[in-house]
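K.L.:
Sharing a structure, written as structure tokens. Questions coming.
The values are calculated or read from the model by the stated rules, or taken from the named source; none is laboratory data. Computed from a prediction, not measured in an experiment: that's the story for all the values here. In this analysis, Cβ positions are derived from the backbone assuming ideal geometry, glycine residues included, and neighbour counts consider all displayed protein chains.
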Amino acid sequence: MRKVTFPHMGHSYIAFKMAMEEMGNEVIIPPRPGKETLDLGVKYAPEFACLPYKVLLGTYLQTVAKGMDTIVTSGGVGPCRAGHYAHLHQAILHNLGYNVNLICFEPPKRHPIDFYRKVQSLNNAKLSISSIIKLLKRGWHKLKALDHMEKLSHQIRPRELKRGTTSKVYLQAQRWLDEARTHTEIKVAEAEGVKAFNDIPQDSERKVIKVGLVGEIYVLLEPASNLEIEETLGHMGVEVERSLFLTGWTVDNLQKNTEELMTVTEAAQPYLPELIGGHGRDTIGHTVIYGKRKFDGVIQIAPFTCIPEIVARTILPKVSKLHDIPVLTFFLDEQTGKAGMVTRLEAFVDLLKRKKQNISISQTATTLN
């Protein structure tokens, strides 16, 4: 039986595991990235490779030691190094003596036949085409439910009365969805998760700061790579709205929750009209949209040496000024420490609170006059 693994990117592995198992593969679950993962990646990766490259390489080295023989991952489009990562990872593994097979999915809209062939190459259970389509729909349903749980955690964490309660409920909701296989089971698990979140004692009157989180997709989706920035901000009384979720990114990131129904590309057009690879244009577009929605601030997180995000960083001061929204940037690598990040976050959040308080005082004075 084929033994497959894939990148650990947030909670997405839960849905991917179900799909791979039902197609007749043994899944070697990728471990949550930790110090050992990063140390392995740093040891064998090129020096100036970005953080996601090193984390993924470390993940594959950990899983190949457990018998993994096939990597299932995605490619990319545009002028970004990420599109080459899978093949470079495979080359390094081969040089280290591991005969690993690589199945790299390119965007299905651009390569539909290639997508079909690669799905069939993983179909060891010999499922019919209709069964595969139904399986993919269930996987999509599970991913959407997982994203829903994470969004609820972002909303409730800054309002919880007992610190840590939201994080515990979120982990439990993930376990419920991991066990669910049918559409009905996924619906029930999602409903149980919603109820568990709603049962968390919280202060609905608490004044919280609302911050948009933008940047490169891997460090946005994988908490281990961004030093749990969302949880840290939540405990500081900040409600986070992340610009990218795997399901949202898959449907081209249409910001349907904005009054203007403006897409990210349209929002970025005056500042960055060209595709520069990665998620640089998304970073600009989402910051504009958060400014229009009167968010208190924006935080950009990106891997060190990520050119698209470096370009976006040079444009953000102009966007920040025009839309009156403070922006804080973190470039992350293996040297980044959580203590230093927390110190900067505390200062930024304090600035946002003071700004919001001053605006409130000013509005009150205007009303009295």
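K.L.:
Name the helices (runs of 4 or more DSSP H) wholly inside the range 213-312 in which the number of residues that are modelled with pLDDT of 95 or more and either outside the structural domain of LYS355 (by TED's automatic domain parsing) or of a type outside the set (A, V, I, L, M, F, W, C) (or both) is 2 or more. Talk me through it step by step, then tell me what you get.
P.N.:
Working: elements: 217-221, 229-235, 246-250, 264-268, 280-292.
Filter on the range 213-312 gives 229-235, 280-292.
K.L.:
Would you mind stating whether LEU220 is surrounded by fewer than 20 Cβ atoms within 10 Å (Cβ to Cβ) and either within 30 Å of GLU22 (Cα to Cα) or touching a residue at least 24 places away in the same chain (Cβ under 8 Å) (or both)?
P.N.:
no
K.L.:
Filter the range 304-363 down to residues that are surrounded by 12 or more Cβ atoms within 10 Å (Cβ to Cβ) and in contact with a strand residue (DSSP E or B) (Cβ under 9 Å, 6 or more places away or on another chain), then give me how many there are.
P.N.:
Counting residues in the range 304-363 that are surrounded by 12 or more Cβ atoms within 10 Å (Cβ to Cβ) and in contact with a strand residue (DSSP E or B) (Cβ under 9 Å, 6 or more places away or on another chain) gives 31.
K.L.:
What is the one condition in (1) under 13 Å from GLY278 (Cβ atoms); (2) touching a helix residue (DSSP H, G or I) at 6+ places or on another chain (Cβ under 6 Å) that ARG313 does not satisfy?
P.N.:
So ARG313 meets the others, but not (2).
K.L.:
List, please: which pairs have Cβ atoms under 7 Å, are six or more places apart or on different chains, and start with a residue in the range 74-100 that is small (Gly, Ala, Ser) and end with one that is surrounded by 12 or more Cβ atoms within 10 Å (Cβ to Cβ) and part of a helix (DSSP H, G or I)?
P.N.:
GLY75/GLY83; GLY75/ALA86; GLY76/ALA82; GLY76/GLY83
K.L.:
Before we move on, is VAL194 in a helix (DSSP H, G or I), touching a helix residue (DSSP H, G or I) at 6+ places or on another chain (Cβ under 8 Å) and modelled with pLDDT of 95 or more?
P.N.:
So VAL194 passes the test.
K.L.:
For a quick check of your reading: which helices (runs of 4 or more DSSP H) sit entirely within the range 32-131 and have at least 3 residues that are buried (at least 18 other Cβ atoms within 10 Å of the Cβ)? Lay out the reasoning, then the answer.
P.N.:
Details: elements: 35-44, 51-64, 82-95, 112-121.
Hits in the range 32-131: 35-44, 51-64, 82-95.
K.L.:
Go through (1) assigned to a helix (DSSP H, G or I); (2) over 20 Å from the mean Cα position of the chain (by Cα) and name the single condition LYS17 misses.
P.N.:
The number of the failed condition is (2).
K.L.:
What about GLU36, is it modelled with pLDDT under 95 and among the charged types (D, E, K, R)?
P.N.:
Numbers: modelled with pLDDT under 95: no; among the charged types (D, E, K, R): yes.
Spelling it out, it is not the case that GLU36 is modelled with pLDDT under 95 and among the charged types (D, E, K, R).
K.L.:
On to the next question. Considering only residues that are of a type in the set (Val, Ile, Thr) and under 26 Å from the mean Cα position of the chain (by Cα), look in the range 93-129 and name the one that is farthest from PRO52 (Cα to Cα).
P.N.:
The residue in question is VAL119.
K.L.:
To continue, here is another question. Going by the structure shown, is VAL27 touching an Asp or Glu at 6+ places or on another chain (Cβ under 8 Å), of a type outside the set (Gly, Ala, Ser), modelled with pLDDT of 95 or more and surrounded by fewer than 22 Cβ atoms within 10 Å (Cβ to Cβ)?
P.N.:
yes
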